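The values are calculated or read from the model by the stated rules, or taken from the named source; none is laboratory data. Everything quoted here is computed from the prediction, not taken from an experiment. We place every Cβ from the backbone using ideal geometry, glycine too, and count neighbours over all the protein chains shown. Heads up: the accessible areas ignore ligands, DNA and RNA and are worked out on the full protein's heavy atoms, side chains in. Shrake-Rupley method; radii C 1.70, N 1.55, O 1.52, S 1.80 Å.
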Amino acid sequence: MTHAPRLNSDKLFRLSRLLDMQYKPGEIASELGISVDTFTRSYIPAGAPVTVDLKGKIWVNGLAFATWARDYLASRKNKARGKMLPGEAFCFRCRKVIEIQKLKRKPANRYSCLVSGSCPVCGGKVARFDKGGEK
């Protein structure tokens, strides 16, 4: 099972050091501060631009990789969960918006209230803040 590569601000800053030339995966990994296994098991299956020569060696263009990484991070950050209705919440176990079961509303302040309950799919606890506190 492959995991999505994690790209934080430190790694994005290090991407600016890459040049328009071919790198080995180990060179890219050392430049980003990750292991070669992380690069080959996470970044390549996620769609990092690589080329394989006739001898089977993997090569990565520095600028193409930096562009891909920035676009990949932007697409993951901007992934829309959609607008939630008052009786819905985001379940972090199921990774989707669900309708809350056993809904409880507790006023947090005069502007908002805490809506909590359980997920109908996995049974986990879900909670969110909603407008409409004490009136």
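Multiplying the residue separation of Phe13 and Ile44 by 0.36 nm and removing their Cα-Cα distance gives an extension gain of 9.2 nm. Counting only alpha carbon atoms, the long axis of helix 62-77 and the longest principal axis of the chain meet at about 10°. Using the Cβ atoms and a cut-off under 12 Å, what net charge is assigned to the surroundings of Phe129, where Lys and Arg are +1 and Asp and Glu are -1? Here the count lands on +3.
Pairs with C-alpha atoms separated by more than 25 Å, drawn from the list Lys11/Lys55; Lys11/Lys96; Lys11/Lys83; Lys83/Lys104, are Lys11/Lys55; Lys11/Lys96; Lys11/Lys83. Across the accessible surface of segment 20-115, with the other protein chains kept in place and a 1.4 Å probe, carbon and sulfur atoms take up 53 percent. Relative contact order for segment 1-113: 22 percent, from Cα pairs under 8 Å spaced at least 6 residues apart, divided by residue count. Quick check: Cα centre of segment 84-135 to Cα centre of segment 21-71, how many Å? Comparing the Cα centres of segment 84-135 and segment 21-71, I get a distance of 41 Å. Here each label is just a point 7 Å from Cα along the line to Cβ, and for Phe92 and Lys131 those points are 2.6 nm apart. Per residue, the chain exposes an accessible area of 71 Å² to a 1.4 Å probe, with every protein chain left in place. Looking at segment 6-70, the trypsin sites (Lys or Arg not before Pro) that sit in a DSSP loop and have at most 15 other Cβ atoms within 10 Å of their own Cβ are Arg6, Arg17, Lys55, Lys57. In plain terms, the chain from Thr67 to Lys102 could stretch by 8.0 nm, reckoned as 0.36 nm per residue minus the Cα-Cα distance. Taking Cα centre as origin and charging only the Cβ of basic (Lys, Arg, +1) and acidic (Asp, Glu, -1) residues, the dipole magnitude of the chain rounds to 860 debye.
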